[in-house]
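First up is the structure itself, then whatever we jot down about it.
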Amino acid sequence: MLNVSAIGGFLQSVAVVLLCLLSWTDANLCSAHGSSQGARCLCASDILSCSAIGLEKVPKEMPVSVVTLDLSHNRIVQLDSGAFQGLYRLDTLRLAHNKLTHVHPGAFKNSSGALLRHLDLSSNQLRVLEPHYFTDLPGLQELLLFNNRITHVETNTVAGWGNLRKAYLSHNRLTDFPFFVIQEHSHPHLSMLDLSSNRLSKLPLEDISNLPMAVQRGLYLHNNSLLCECSMYALFKFWEKRDFLSIKEFRSEYTCLVHGIQQGTVRFFQHNRYFEKCNQTVLSGFWKHQESDVSVKLGNALLLHCVTSLSGQHVTFLWVAPNQEYVAPPGNNGSLKMFANGSLEIKASRDEDSGIYWCMALDEKQQRNESREINVTVILPPDYENQESFNTGFTTLLGCVVSLVLVLMYLFLTPCRCPLRRKIPTPTTATPSQPGNEAASAQSSILTPTPPTTTEGPGRKVSTNKHVVFLEPIREQQNGRLLRIGQGLLLGAEQQHSFHTKKTESTVSPVFLDTPIIVT
């Protein structure tokens, strides 16, 4: 089945287009006034396209409902005062690829003004950007001025870009630019400033260092006539460390001239040896502003510079990390590496590396010292906390499983303690030299003295030494008077009760004693 609402919307759009065409045909509004051939524009809803029809001036009669106006690829030389009067809904204006040389005051007066957000003046013949060009456009957000002949941008012109987000000024003839006008409070939304392919020879590093960080991230300066200087090299190396897109996307196009000679072109990032002799202390004015508050992504490296006015062979440096750890060259052999010039490198940033880093420089000869602080913020990925929670829960679960396995192993895999088996006594031949052995020759000795070589023989006085003996299976003689213990040690019949023997008619069952007997 067909979607009734979709069909209704389509028919409504067709009706609007037909109504627009019919109204323009009746009122003769589609004819481009100012064209020698009277060519017609194309209208579609709130879009009016008069592109490539040979216009020499802006048409005088245009529908007031137009939102997007395309006048590109024509022969328009100038924008007269009130050229867009009455276009109260105008949002996008395209004037690229014309022959514009002047924009007269009040050209955008009585137009949408605050609603006009996109203005394309690229590929024209403009030479100087004057303040009145954009006075009546307070809502302008995107301005395209590339591929003109602009040699100068007046200070008040840039000051009027309060709501501007993107400005494209590449492929012009600029030799300077008023960077100092752009501040955080005056241009809070500016994030793109393309000045590439111009004729800039030197950059005001002090002004650039004061630019908001969002502007620096979107500042493109490649393919200029820059002179090879250490300060310039330091600026681009700093941007490289910050992972700016202006360096990543056009790395090979950042070049400089050796002594102003065109043939002596050096690429900043491919000829590092040319800048090896650059002294970091020369860059104090730049680094002082750049690294007072820095940020780095988790896992990336970060280089911190200890910039002071102290210099010389007698100057030593020391850093204090956020965890109150003192770091001196060559570092702590872990996450921090320190260089002889005072720079500190965080090899792979971690969450705990965030905080205040203190740098101290000491001149032992002049007995002077200076210090500065840098606030480092480690940017964590959005799902970092979830990963940490998962790791903690997984570790806890794994610990419980291991503990359970160990308990089960202890309960079921411990060695079995089997009961002692009875030993069958083997008959031994009595020693002939010992008297009385005939009476006890039925069984062998059942007690093992410790040590066995110290027992006294019969007829001698028993010594006072005590020996611990352990009982083995025994048999009592039928007369029950004497038992032979070991070698020559006898127990009387009155001591027989200590053996707890069990008599039968013919034999006596052996009895085991668990406790030792002290024999004196």
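Would you confirm, using the coordinates I've provided, whether residue 328 is closer than 30 Å to residue 314 by Cα and at pLDDT 85 or above? Criteria met by residue 328. Selection of first residues in region 340-358 that are within 18 Å of residue 369 (Cβ to Cβ) and open to solvent by less than 70 Å² (accessible area, probe 1.4 Å) and of second residues that are among the hydrophobic types (A, V, I, L, M, F, W, C) and not in a strand (DSSP E or B), restricted to Cβ pairs under 6 Å at least 6 apart or on distinct chains, gives the following pairs, ordered by first then second residue: 342/306. If you go through region 223-259 and keep only what is open to solvent by 10 Å² or more (accessible area, probe 1.4 Å), in a loop (DSSP other than H, G, I, E, B), of a type outside the set (Ser, Thr, Tyr) and closer than 21 Å to residue 170 by Cβ, you end up with 223, 224, 250. Across region 209-222, what is the number of residues that are open to solvent by 40 Å² or more (accessible area, probe 1.4 Å) and in contact with a His (Cβ under 8 Å, 6 or more places away or on another chain)? Counting residues in region 209-222 that are open to solvent by 40 Å² or more (accessible area, probe 1.4 Å) and in contact with a His (Cβ under 8 Å, 6 or more places away or on another chain) gives 1. In region 359-395, which residue that is over 18 Å from residue 346 (Cβ atoms), part of a strand (DSSP E or B) and out of contact with any Asp or Glu (no Cβ under 8 Å at 6 or more places or on another chain) is modelled with the highest pLDDT? The qualifying residue modelled with the highest pLDDT is 362. Surrounded by fewer than 18 Cβ atoms within 10 Å (Cβ to Cβ) and in contact with a helix residue (DSSP H, G or I) (Cβ under 9 Å, 6 or more places away or on another chain): is that true of residue 332 in this structure? Against the criterion (surrounded by fewer than 18 Cβ atoms within 10 Å (Cβ to Cβ) and in contact with a helix residue (DSSP H, G or I) (Cβ under 9 Å, 6 or more places away or on another chain)), residue 332 does not qualify. Looking at residue 281, is it more than 30 Å from residue 352 (Cβ to Cβ), open to solvent by 20 Å² or more (accessible area, probe 1.4 Å), β-branched (Val, Ile, Thr) and modelled with pLDDT of 80 or more? So residue 281 fails the test. Given the options 206, 184, 142, 154, name the one that is open to solvent by 10 Å² or more (accessible area, probe 1.4 Å) and either under 25 Å from residue 258 (Cα atoms) or without any contact (Cβ under 8 Å) to a residue 24 or more places away in the chain (or both). Of 206, 184, 142, 154, the one residue that is open to solvent by 10 Å² or more (accessible area, probe 1.4 Å) and either under 25 Å from residue 258 (Cα atoms) or without any contact (Cβ under 8 Å) to a residue 24 or more places away in the chain (or both) is 206.
The values are calculated or read from the model by the stated rules, or taken from the named source; none is laboratory data. Keep in mind the model is a prediction, meaning the values are calculated, not measured. Glycine also receives a Cβ, built like all others from the backbone with ideal geometry; neighbour counts cover every protein chain displayed. Just so you know, the surface numbers come from the protein's heavy atoms only, side chains and all, with ligands and any DNA or RNA stripped out. Shrake-Rupley method; radii C 1.70, N 1.55, O 1.52, S 1.80 Å.
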